[in-house]
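**Q** Okay, here's the structure, questions in a sec.
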Amino acid sequence: MERPALPPRTALVAGATGLVGREILQGLLADEGVATVHVLARRAPDLRHPKLVVHLVDFTRLPALPALDEAYLALGTTIKVAGSQPAFRAVDLDANLAVARAARAAGATRLGVVSAMGADSQSAIFYNRVKGELEKAVDGLGYEGVVIARPSFLLGDRQSLGQPERTGEKIAAGVGRWIGHVLPANLRPIRAADVARALLRTVPQAKAAQVLLSGDMQPA
């Protein structure tokens with residue numbers, strides 16, 4: 001006996017022009033179970049697709065969003081690029097949280113978040129503290145399922161996105177090539193595509209809060 005077909009899903013991505021966000025977007029567009037993918041961005045992605053709807057927005061004043069089933073937060077920057085700690089917080093915490101709230105108000109019941117290894121709202125390290133504050137904040141928004149991805153150093157082609165290479169990621173990639181096989185799984189550099197795949201596999205069925213450590217997302 002065939003199972004009844006599930007209704008097509010409507011998804012939202014914030015940060016679709018970034019390393020992981022781009023992979024999430026591509027995966028959603030390729031998913032036959034997804035009918036529409038809404039993207040929130042300051043600039044349009046260099047992509048056209050029948051499922052894709054792009055909304056150019058100011059993340060400090062988001063409009064009401066269309067009806068949604070799930071949302072993915074992949075907005076991120078660095079202090080060097082942002083220019084200051086407050087500017088970094090405005091993107092990595094404030095903008096992501098604004099999207100999470102707007103998506104929940106639009107009916108989304110599941111949320112995927114690209115966080116970072118070491119995220120902790122009590123951390124003495126500013127970067128890790130901001131990531132942890134975001135994780136803590138989205139946990140209280142009333143989503144049926146929240147999946148937090150905490151990748152180690154990301155591997156991917158930032159130059160193709162017009163982004164500067166991150167020194168830590170460049171060093172980690174070199175280290176990974178030489179001794180990655182002996183590093184603990186959670187410390188090994190991980191491809192952005194593998195992080196995206198883990199979220200896309202987990203978020204649609206999420207029933208509670210769940211954290212995916214970097215080792216959980218590494219391919220077998």
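The values are calculated or read from the model by the stated rules, or taken from the named source; none is laboratory data. Predicted model, so just to flag it, every value in this text is computed and none were measured. As a convention, Cβ positions derive from the backbone with ideal geometry for all residues, glycine included, and neighbour counts pool all protein chains shown. Heads up: the accessible areas ignore ligands, DNA and RNA and are worked out on the full protein's heavy atoms, side chains in. Shrake-Rupley method; radii C 1.70, N 1.55, O 1.52, S 1.80 Å.
**Q** Within the range 63-96, take every residue that is hydrophobic (A, V, I, L, M, F, W, C) and free of Cβ contacts under 8 Å to residues at least 40 places away in the same chain and give me the one that is farthest from Glu135 (Cα to Cα).
**A** Result: Ala82.
**Q** Continuing with the same structure: Would you check if Leu25 is open to solvent by less than 50 Å² (accessible area, probe 1.4 Å), closer than 17 Å to Leu200 by Cβ, touching a helix residue (DSSP H, G or I) at 6+ places or on another chain (Cβ under 8 Å) and among the aliphatic types (A, V, I, L, M)?
**A** So Leu25 does not fit the description; no.
**Q** Then there's this: Name the single residue that is surrounded by the most Cβ atoms within 10 Å (Cβ to Cβ) among those in the range 60-117 being polar (S, T, N, Q) and over 26 Å from Ala198 (Cα atoms).
**A** Checked the range 60-117; the qualifying residue surrounded by the most Cβ atoms within 10 Å (Cβ to Cβ) is Gln85.
**Q** Okay, next question. Do we have any residue at all in the range 183-195 that's acidic (Asp, Glu), within 20 Å of Thr17 (Cα to Cα), open to solvent by less than 80 Å² (accessible area, probe 1.4 Å) and at pLDDT below 95?
**A** no
**Q** With buried (at least 20 other Cβ atoms within 10 Å of the Cβ) and not in a helix (DSSP H, G or I) as the only criterion, which of Leu40, Leu6 stands out?
**A** Of Leu40, Leu6, the one residue that is buried (at least 20 other Cβ atoms within 10 Å of the Cβ) and not in a helix (DSSP H, G or I) is Leu40.
**Q** Checking the conditions here, which among Val113, Val53, Val81 is under 16 Å from the mean Cα position of the chain (by Cα), among the β-branched types (Val, Ile, Thr) and either over 18 Å from Gly27 (Cα atoms) or outside any loop (DSSP other than H, G, I, E, B) (or both)?
**A** Val113
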